[in-house]
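Read the figures in this text as sums done on the coordinates, not as results from a lab. A quick note: this is a predicted structure, and the numbers were derived from the prediction, not measured. Glycine gets a Cβ as well: all are built from the backbone with ideal geometry, and neighbour counts include every protein chain shown.
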Amino acid sequence: MGVLTGVRNLSRTLRLLVGTSVRVAPWQALLCLGETGGVILGLLQPLYLAWFVAGAVGHDTRQMALAAGAFVAQIGVGRALVWLGMNARFGQLERVGYEFDARIAALTASVPTIDHLDDPHFLDQLQIMREERGSLGLALNTLLNNLNGLAGVVGVVALAATADPRMLLAAVAGIPGVLAGPILARWQGRAEAAAAEPGRLAAHLLQVGTSPAGGGEVRVFGLADPLRGRLADATHAWWKPKVGLAVRESVVNVVVQVIFFGVAGAMLAWLVHDAVSGAVSVASVTLALLLVGRLQGVSGTLRDIIHNVAAMSRTAGRYLWLVDETARIRAAHHGVGTPPDRLSQGLVLEQVGYRYPGHDRPALDGVSLVLPAGSVVALVGENGAGKSTLVNLITGMLRPTSGAVRVDGRDLTGLDPGSWRSRLAGAFQDHQRWELTLGQSVGIGDLPKRDDEEAIRRALHEGAAEAVLTSVPRGLHTQLGVSWPDGVDLSGGQWQRLAIARGMMRRQPLVRVLDEPTAALDAATEHQLFDQYARAASGGRQAGTITILVTHRFSTVAAADQVVVLDHGRVVEHGTHAELISRGGHYSDLYELQARGYR
Ligand SMILES: Nc1ncnc2c1ncn2[C@@H]1O[C@H](COP(=O)(O)OP(=O)(O)OP(=O)(O)O)[C@@H](O)[C@H]1O
């Protein structure tokens with residue numbers, strides 16, 4: 001990373017953290033600076049003491065009284081400022097942390113498609129962000145610490161220059177300590193890496209030797225001596241780099257201290273010499289003496305600041321990466337068209353292909369299909385045939401890597417993804433268990449109607465989920481999920497039926513997808529449910545709704561208008577159940593095979 005990029009990233013990080021803090025709670029953000037004010041006031045302590053000493057030497061009681069008064073006032077005001085700042089900081093860290101968590105959730109939800117969820121790099125970054133929840137709040141904390149540290153460093157150096165410019169040389173003598181920071185960090189990293197494997201081996205050998213199973217084998221096979229030998233080797237290999245590091249760290253620190261105190265001592269001796277000859281005031285020498293300890297801390301503070309800035313930039317950088325990446329994905333989906341109110345022709349797939357990122361083989365290849373408006377289409381095929389991928393292309397969750405999906409003749413990519421999705425309904429194999437009231441958990445399938453009991457009851461009926469309603473104690477108002485007060489848990493099948501009912505909430509979607517929502521049920525129940533959906537779908541014919549039923553069970557889809565058989569990402573047959581059976585092809589063979597399994 002070049003210096004320019006580093007500076008640009010740091011400036012973006014600072015703008016992000018400060019901007020967010022100010023936007024979230026402007027007054028609190030301002031109060032956070034109270035601590036810095038307290039630090040700056042604290043820096044003046046040696047100045048008052050020097051005045052006091054100078055007053056004492058000159059028998060000036062007024063100066064002594066003023067210096068003592070200022071000293072005490074500074075302590076009081078400084079502590080009050082620090083207290084105010086710290087209180088404001090704690091609240092602000094939480095606010096900023098929550099704000100960033102909410103923004104991360106909103107950013108990931110704003111991505112119109114799901115192909116990025118197959119990108120390992122995207123997933124890694126998201127995983128780190130999930131694990132580091134609230135870390136951006138802590139980054140603000142780091143920023144404030146750095147600000148306080150920096151105020152201290154600048155103040156001490158400025159005071160030292162005030163005492164006598166020669167004291168700046170003592171400050172410069174601290175630079176080797178700053179430079180040693182990155183070198184020590186590198187050594188530390190190397191030592192940790194070198195110790196990691198032998199450390200794991202030592203822990204493993206220790207566990208083997210002391211576990212009941214391992215202990216038995218060790219005795220039976222006479223492994224005690226070799227095990228002890230290997231443990232000793234592993235332990236030696238583990239601590240050797242650590243001891244080496246400790247020795248080198250000590251040497252570096254001693255050298256750094258010798259340089260600093262050598263230069264600072266020489267400067268002080270020079271100052272004292274000048275004070276004796278009257279060329280320098282006693283106040284200046286006192287101030288210089290009082291500052292030596294603080295000057296020595298400057299290099300350590302700068303080292304911490306450099307280290308913290310790097311960590312802060314990394315954390316903020318991940319968030320900024322997410323901002324850029326989601327913006328890039330959104331920009332790639334530039335469709336703005338509105339979908340039709342109702343389908344008149346239907347969906348046409350033209351030579352549609354899809355290849356998952358990083359995969360050589362396409363999951364779908366050259367799929368051409370006509371799904372007429374108002375029809376019920378069953379997608380069948382064995383595991384991995386490409387059914388869910390096809391559904392994701394139709395719902396716009398994925399974009400074809402070749403070919404096109406047309407909606408009443410218009411390319412789906414030209415439609416606004418959000419508008420298109422608002423005209424879909426569905427139930428999926430990996431559905432969410434919404435721990436709301438039972439009514440809400442179904443009602444959210446059509447947000448404007450989430451409290452419409454009549455609509456919810458109808459959806460429960462069409463989703464064959466009425467039995468779930470009668471099995472719970474407070475009907476639609478029953479809280480789901482045992483972690484909530486009076487919450488009840490449901491069986492896997494009951495959750496599934498609620499998911500299906502949710503998919504029935506939207507009355508006249510353009511496309512309704514039922515993607516193996518019944519996979520966990522037995523074949524006979526699935527058959528019965530699919531028949532029921534097909535009957536419910538006939539209500540949508542007038543509205544042009546296309547109902548897509550997905551299953552890998554061939555026996556359950558006889559009621560569909562069209563059965564599409566997928567195999568290895570290609571359409572191998574399509575037609576009505578009767579046509580496919582009479583054709584005696586792939587469908588007929590597999591139908592017979594599966595039917596035999598159920599006899
Ligand atoms: N997220 C993914 N990343 C990479 N490859 C995937 C992904 N999802 C599916 N595939 C691959 O694409 C092919 C089609 O998978 P798809 O899930 O569409 O099949 P399916 O017919 O729905 O299978 P099932 O009946 O098991 O749900 C398979 O080879 C699968 O391994």
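Results, tabulated for the structure shown:
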read-out: Pairwise centroid distance, computed over Cα atoms, of the range 103-132 with the range 478-493, Å; value: 29 Å
read-out: Projected label distance in nm at LEU223 and ARG361, using a 7 Å step from Cα toward the beta-carbon; value: 4.0 nm
read-out: For VAL511, distant residues with modelled amide H under 5 Å away; value: ALA425, ILE546
read-out: Kirkwood Rh and Cα Rg combined as Rg/Rh, the chain; value: 1.16
read-out: Assigned charges on the beta-carbon of Lys, Arg, Asp, Glu; the range 333-413 dipole about Cα centre (debye); value: 80 debye
read-out: Nonlocal amide H pairs with GLY403, under 5 Å, H built at 1.01 Å; value: GLY353
read-out: Which of LEU41, GLY229, ALA464, positive extreme of dipole for the chain (C-beta unit charges); value: LEU41
read-out: Aspartates and glutamates with Cα under 12 Å of LYS242, excluding same-chain neighbours fewer than 8 positions away; value: GLU192
read-out: Whole-percent pair-distance distribution, where bins are 5 Å wide, for the alpha carbons of the range 56-151; value: 3, 10, 12, 13, 11, 9, 8, 7, 6, 5, 4, 3, 3, 2, 2, 1, 0
read-out: Share of pairwise Cα separations in the range 1-71, more than 15 Å, in percent; value: 70 percent
read-out: Long-range HN-HN contacts of THR437 with modeled amide H, under 5 Å; value: LEU480
read-out: Pair ASP119, VAL254: separation of 7 Å Cα→Cβ label points (nm); value: 5.3 nm
read-out: Cα centre as origin, Lys/Arg/Asp/Glu Cβ charges: the range 1-158 dipole, Debye; value: 600 debye
read-out: Rounded to the nearest 20 debye, dipole of the chain from Cβ charges on Lys, Arg, Asp, Glu; value: 1200 debye
read-out: Among SER11, GLN127, ALA68 - extreme Cα towards positive end, dipole of the range 9-157, charges at beta-carbon; value: ALA68
read-out: Residues ARG8, ARG103, ARG166, sorted so that the one with the fewest Cβ neighbours within 10 Å comes first; value: ARG8, ARG103, ARG166
read-out: Percent antiparallel among DSSP beta bridges (both partners in the chain, rounded to 5); value: 50 percent
read-out: Cβ-based exposure ranking for TYR356, TYR587, in which fewest neighbours within 10 Å come first; value: TYR356, TYR587
read-out: Positive-end residue of MET397, TYR533, GLY475, charge dipole of the chain with Cβ unit charges; value: MET397
read-out: Computed [θ] at 222 nm, deg cm²/dmol, the chain (DSSP H ≥ 4; -39,500 (n - 2.57); rounded to nearest 500); value: -21500 deg cm²/dmol
read-out: Rounded to 10°, Cα long-axis angle of helix 175-210 versus longest principal axis of the chain; value: 50 degrees
read-out: Relative contact order of the range 431-508, pairs being alpha-carbon contacts under 8 Å that are 6 or more residues apart, as %; value: 42 percent
read-out: Residues ASP101, ASP451 arranged by fewest to most Cβ contacts within 10 Å; value: ASP451, ASP101
